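To keep things clear, I will list the structure first and then write my remarks on it.
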Amino acid sequence: MDKAKHIVVLGGGYGGVLTAKKLAKKFKKSEEVKITLIDKNTYHTMLTELHEVAAGRIPEDGVRINFDKIFAGRNVDVILDDIHSIDFDKKVLEGRVTCTKYDYLVLGTGSKPTFWGNKGAEEHAFPLWSYEDAVKIKHHMWEVFGKASVETDPFIRKRLLTFVVIGCGFTGIEMIGELAEWRERLCHTFNISENEVRMIVADLLPKVLPNFHPKLIDKTTKRLEKMNVEIMLNSGVKDVTKDCIEIDGKGKIETNTVIWAAGVEGSDIIGSIEDDNLEILARNRVQTDEFLRAKNKEDVFVVGDNIFYIPEGSDKPVPQMVENAEHSSATVANNIEATIKEKELKSYKPAFHGAMVSIGGKYGVAQINTTKREFVFSGFLAMFIKHFVNFIYFVEVAGFHKLWKYWMYEFFHVEDRRSFLGGHFAKRSPNFWLVPFRMFLGGMWLYEGIEKLIKIVADPTYIFLLASKVDVTGATSEAATEAVKALAVPEFITSIVDWSMNLIFYTSTGEFTFMAVIFQTGMVLAEIVVGLCLLGGLFTALASIISVVMGIMIWASGMAPFEMLWFIAGGIAMIGGSGSTFGLDYYVLPFLNKRWRKLKFVKKWYLFTDL
């Protein structure tokens, strides 16, 4: 190559981020390729979780990941700019503050809400398609409930407490489900009767979630009705004003809150493209060939929502969903590499596996498709599948860092039991109540360790933690005596332990090997170290885990006294950060965390948390 090829990814949504990461992986050892991602924000937004922020279930930063974290340690430059035009002949992107040339361009600018020509809706309704939209809705909900709590005029109060969501697709159903679930908390906070709050979801379509199995449609309808949500179907929007919405066949509904979730179209930049060789089809989507190149443009590739491509054997274009962004990013990255290296390109052959919709944090529906049949799930299983799929996507975007934050917000820091696991993992109490127990457990381990260390110092070859198979004196060994009083162990565990111990700790004649001396000394020293760590509150999570493991090992050996049960139970209770109060962890862990986060491999592999 004469010079470094410049690949520009326009847009930091799912498709753009995944494409940039895959390209960075393919060209990580190459200095002949430069990769740049351009976006108008400094962060990537998890669009599928916006409703959770909008309805106050998770904090605002739960759907946002900064690009500097995503691309840390990777060959991807990020430019903050709002691109307003593209010159495909000169291969130039023109923005408000930059002018960027490219050799290969990836269009991944995503979508925006479509209002179907309803000017009133565009002006007065709240869209839900960006981080800013979600935050705005959340603050608006607090505002109208606050106003209603002090409003004496019954008509104004009724209008303030009426909420309408337009759209019965995925976004609309998830949004109204979250609002209905949030109602109890808002009413409690502002001392308003739940009976005063009216929530409506409406659509021109004849049924909710029209692409789902009839069984799931029925379950969704019943769930919303159970949550006191009014469902208005076959109902088109005539007009939206600041104080009301007019719905065909339903008349005017007085409300200050209309949330618009009735479909999307391609972004403004795609809609503004003026190039005779580029085909812009339905809802501002770019016609592509089978390799996901823009038609008639071998140096322009398209990813995610911007694609208009009908796969072989299908009569519909690929859907605008996250799974399409994931699949298409792999195809685009592969074909750009193949183009640069003059190799054979691969056709886009997506296999979509269904969709999951949450109706609040506790209930959901899911439809999973395989090559042979279709599976439908609801309730607990559907929510489990939704979270599992999210785990996969989030690991791809930001690894452990995002996954940890997701776990915390969805299961451990959740309020009002708004999780499909309820509040069982979210019941938190101040850690200082665990301090006496932590110190007692540490003291017991220290006492046990010192008592045994005295015997080891006196005679390092005297083995008392393992049962002796040779007793020349005819006396019963200390370990054998203890085994008689030990907790029962299932036979299959005993057989496994005996096999491993015979392999490591005994000779063919039944005498102890040198490994038995090392093991015993190590166990005793571990008891002392664990005891000291628990007493001082240092690395208590790790010390507690080791405490549990040692307890299980002693039990499995067949020599655990009855009190070993509370050693194990106590260790489990200590794992959740018992040293963060009146312990050294309060000082040491933040100090180490700051330095840990500065390491290059930690940034690259997202081995850190923000919580």
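Among the candidates T45, T100, the residue that is surrounded by 18 or more Cβ atoms within 10 Å (Cβ to Cβ), under 30 Å from V357 (Cα atoms), touching a residue at least 24 places away in the same chain (Cβ under 8 Å) and touching a Ser or Thr at 6+ places or on another chain (Cβ under 8 Å) is uniquely T45. Among the conditions (1) within 19 Å of V357 (Cα to Cα); (2) without any contact (Cβ under 8 Å) to a residue 24 or more places away in the chain; (3) assigned to a loop (DSSP other than H, G, I, E, B), the only one that P206 does not satisfy is (2). Residues in segment 370-387 that are over 14 Å from I217 (Cα atoms) and in contact (Cβ under 8 Å) with a residue 40 or more places away in the chain: E374, F380. With part of a helix (DSSP H, G or I), in the same structural domain as E279 (by TED's automatic domain parsing) and modelled with pLDDT of 95 or more as the only criterion, which of L37, L93, L18 stands out? Only one candidate qualifies: L18. Test E342 against the stated conditions and say whether it is over 26 Å from the mean Cα position of the chain (by Cα), part of a loop (DSSP other than H, G, I, E, B) and over 30 Å from N228 (Cβ atoms). Yes: the conditions hold for E342.
Scoring V395 on the criteria (1) crowded, with 21+ Cβ neighbours inside 10 Å; (2) assigned to a helix (DSSP H, G or I); (3) β-branched (V, I, T) leaves a single failure, condition (1).
Results for (1) in the same structural domain as F155 (by TED's automatic domain parsing); (2) in contact (Cβ under 8 Å) with a residue 12 or more places away in the chain; (3) not in a loop (DSSP other than H, G, I, E, B), shown as yes or no for each residue.
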site	(1), (2), (3)
K215	yes, yes, yes
I269	no, yes, yes
D275	no, yes, no
E290	no, yes, no
K297	no, yes, no
S314	no, no, no
V318	no, yes, no
N324	no, yes, yes
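Counting only helices (runs of 4 or more DSSP H) that sit wholly inside segment 502-611, those with at least 2 residues that are touching a helix residue (DSSP H, G or I) at 6+ places or on another chain (Cβ under 7 Å) and within 27 Å of Y406 (Cβ to Cβ) are 540-556, 564-574, 585-596.
Residues are listed down the side, and each one gets a yes or a no for (1) over 16 Å from the mean Cα position of the chain (by Cα); (2) under 26 Å from A569 (Cα atoms):
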residue: F377; (1), (2): yes, no
residue: F388; (1), (2): no, no
residue: G399; (1), (2): no, no
residue: Y406; (1), (2): no, no
residue: F412; (1), (2): no, yes
residue: L446; (1), (2): yes, yes
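For segment 326-339, residues that are touching a helix residue (DSSP H, G or I) at 6+ places or on another chain (Cβ under 8 Å) and either surrounded by fewer than 18 Cβ atoms within 10 Å (Cβ to Cβ) or not in a helix (DSSP H, G or I) (or both) total 1. Based on this model, can you work out whether K40 counts as under 20 Å from V303 (Cα atoms), touching a helix residue (DSSP H, G or I) at 6+ places or on another chain (Cβ under 7 Å) and charged (D, E, K, R)? No.
Hey, among T189, T220, T171, which residue is over 13 Å from I259 (Cβ atoms) and either touching a Leu at 6+ places or on another chain (Cβ under 7 Å) or part of a loop (DSSP other than H, G, I, E, B) (or both)?
Values: T189 fails: either touching a Leu at 6+ places or on another chain (Cβ under 7 Å) or part of a loop (DSSP other than H, G, I, E, B) (or both); T171 fails: over 13 Å from I259 (Cβ atoms).
Answer to the selection: T220.
So, of the residues in segment 124-164 that are of a type in the set (D, E) and surrounded by 16 or more Cβ atoms within 10 Å (Cβ to Cβ), which turns out to be farthest from E60 (Cα to Cα)? Break it down stepwise before answering.
To start, the set of residues in segment 124-164 that are of a type in the set (D, E) comprises 132-133, 143, 151, 153.
The next check asks that each one be surrounded by 16 or more Cβ atoms within 10 Å (Cβ to Cβ); those that pass are 133, 151.
On the way: D133: 11, E151: 29 Å.
Applying the filter and picking the extreme gives E151.
E337 meets all of the listed conditions (1) in the same structural domain as K158 (by TED's automatic domain parsing); (2) farther than 28 Å from H124 by Cα but one, namely (1).
The values are calculated or read from the model by the stated rules, or taken from the named source; none is laboratory data. This structure is a prediction, so every number in the text was calculated from the model and none was measured. Counting neighbours? That spans all protein chains shown, and the Cβs are built from the backbone with ideal geometry, glycine included.
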